[in-house]
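Novice: Please see the structure below; I have some questions.
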Amino acid sequence: MTDYPTLTDQYKTEVFFDISADLFFIAGYDGYFKKVNPAVCHLLGYTEAELLAQPINAFIHPDDLERTSQARESVKKGNPLLHFENRYLTKSGDVVWLSWTSTPHQAHGLVYAIAKEVTQRKQLEEERNKLLTTIRKINHDLKKITYTASHDLRSPVNNLLSVFELLDVSKIEDPETLDLINILKLTTTSLKETLNDYVSNISHQDDLTVSVEKLSLTEVAQKVLQFIPLQSNGTKVTVDLNFDAFDTVSFNKVYLESIFINLITNAVKYTQPGVPLVITLKTQMENGVHQLVIADNGCGFDIEKVKDKIFGLHQKFHQHEDSHGIGLYLVYNHVTDMGGQIAVSSEIGKGTTFTITFK
């Protein structure tokens, strides 16, 4: 058995003081350091003699002098100091952040303090705050653009509705023409409501937040279907709604309408020649989780080739003249912004299925 030397309490304290990686200080009420450990010298770049020879304020960042002096006066009155942070200047001119815990010993007129360097954390906080400021500005600018566009578009839409009001349909005898006029009127009315929703949504939401409300999937789907031309290759499109599993979701109204519009119009756009298109919209419960499924029997695509790009901006998988690669990008962001997930399965010649899992 090894015999270790017996250490005096004072020697033990000095060894602990010297080898600790934390920064140990003993300061006097006169504003000078009385003792510092090697970790302090290593961080600040001064010798212990240099640190003891000058007032403590000589090492503190000028912008932190006033509040540091206030904290020091509080400690001298017998109040311990916890988690106080300020900046120190190293001998090379660098700035380091320290987090302090200090305890006064009034009888001896001394302050015993331990500090930890938190420079990296403070730099990360500063970078995060700059990023948040940038994001808020971008969000504000986008909000302004969207508000302006939505507001300015309402004027021509209102003009269109006025034309429909002035139009004397009693003079039109062709049933197909009457149906087309009715569809145009419904579409224009729906567009006006959508623009109003956009303006209202933008006007009332806080920065970086999206309004959420209880919505009926049936009502939103039926509203959207009113102004989507359900014709493909001269054949009427069949849409089956089955929201028996659940019909109500907490979601942003504009986002939900956009999801329905983009996925349904995509299905109509990419039908198989000679195959009557059937679109199914249904809800289901999967292990207690609420899911919305939108499926079609359209032309589909090779999921293995495009699975990493399908929700990317400007990604197109069919050479359709009206394809811009934006719809699925919007759908993905609407779902994920609301805390949900979206999955897709597809096979050429058999159609496509989107499964949205709600938060």
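Every number in this text was worked out from the coordinates using simple rules, so none of it is lab data. What you are looking at is a predicted structure, and each value in this text was computed from that prediction instead of being measured. Reconstructed Cβ throughout: ideal geometry from the backbone, glycine too, with neighbour counts over all protein chains shown.
Novice: Projected onto the charge dipole of the stretch 9-117 (+1 at Lys/Arg Cβ, -1 at Asp/Glu Cβ, origin at the Cα centre), which of Pro55, Gly78, Phe25 gives the Cα projection farthest towards the positive end?
Specialist: My answer, from the dipole projection, is Gly78.
Novice: Taking the Cβ of Ala27 as the centre, find all other residues whose Cβ is under 11 Å away and add up their charges (Lys, Arg: +1; Asp, Glu: -1).
Specialist: Working: positive: Lys34, Lys35, Arg72, Lys76; negative: Asp30.
Net charge in that neighbourhood comes out at +3.
Novice: Order the peptides 245-254, 41-50 from the highest to the lowest mean number of other Cβ atoms within 10 Å of their residues. Could you put the intermediate results ahead of the total?
Specialist: Working: 245-254: 17.2, 41-50: 14.7.
For the peptides 245-254, 41-50, the packing ranking is 245-254, 41-50.
Novice: Order these by the 10 Å Cβ neighbour count, fewest first: Met338, Met285. Show your work: numbers first, answer last.
Specialist: Details: Met338 19, Met285 10.
Listing Met338, Met285 from fewest to most nearby Cβ atoms yields Met285, Met338.
Novice: Counting other beta carbons within 10 Å of each residue's own, what order do Val344, Val118, Val335 fall into, fewest first? The partial results should precede the final answer.
Specialist: Working: Val344 19, Val118 16, Val335 23.
With the sparsest Cβ surroundings first, the list reads Val118, Val344, Val335.
Novice: I've got another one for you. Would you mind computing, in nm to one decimal, how far apart the modelled labels at Asp174 and Asn242 are, each placed 7 Å from Cα along Cα→Cβ?
Specialist: 4.0
Novice: Follow-up. His61's amide H: which non-local residues (gap 5+, or another chain) put their own amide H closer than 5 Å, with H modeled 1.01 Å from N in plane and none for Pro or chain starts?
Specialist: Here Arg87, Tyr88, Leu89 satisfy the definition.
Novice: Taking amide H positions as placed 1.01 Å from N in the peptide plane, with prolines and chain starts having none, which residues 5 or more places from Ile279, or on another chain, fall under 5 Å of its amide H?
Specialist: Distant-sequence amide H within range of Ile279: Thr238, Val239, Asp240.
Novice: Of Lys185/Lys223; Lys192/Lys282; Lys192/Lys223; Lys253/Lys359, which pairs sit farther than 18 Å apart, going by alpha carbon to alpha carbon? The partial results should precede the final answer.
Specialist: Working: Lys185/Lys223 14 Å; Lys192/Lys282 28 Å; Lys192/Lys223 13 Å; Lys253/Lys359 15 Å.
From Lys185/Lys223; Lys192/Lys282; Lys192/Lys223; Lys253/Lys359, over 18 Å: Lys192/Lys282.
Novice: Out of residues 5 or more away from His290 or on other chains, whose amide H comes under 5 Å of its own, with H placed 1.01 Å from N in the peptide plane?
Specialist: Amide H neighbours of His290, under 5 Å, 5+ apart: Phe358.
Novice: Let me ask another. Go ahead and run the numbers for FRET between Glu127 and Ser74, Cβ-Cβ distance against an R0 of 25 Å, rounding to 0.05.
Specialist: Numbers: r = 31 Å, r/R0 = 1.25.
Step by step, r from the Cβ atoms, then E = 0.20.
Novice: Quick one: Karplus J couplings for the stretch 97-112, per residue in order, coefficients 6.51, -1.76, 1.60, θ = phi - 60°, nearest Hz, x for Gly and Pro?
Specialist: Once rounded to whole Hz, the list reads 9, 10, 10, 10, 10, 10, 10, x, 10, 5, 5, 9, x, 10, 10, 9.
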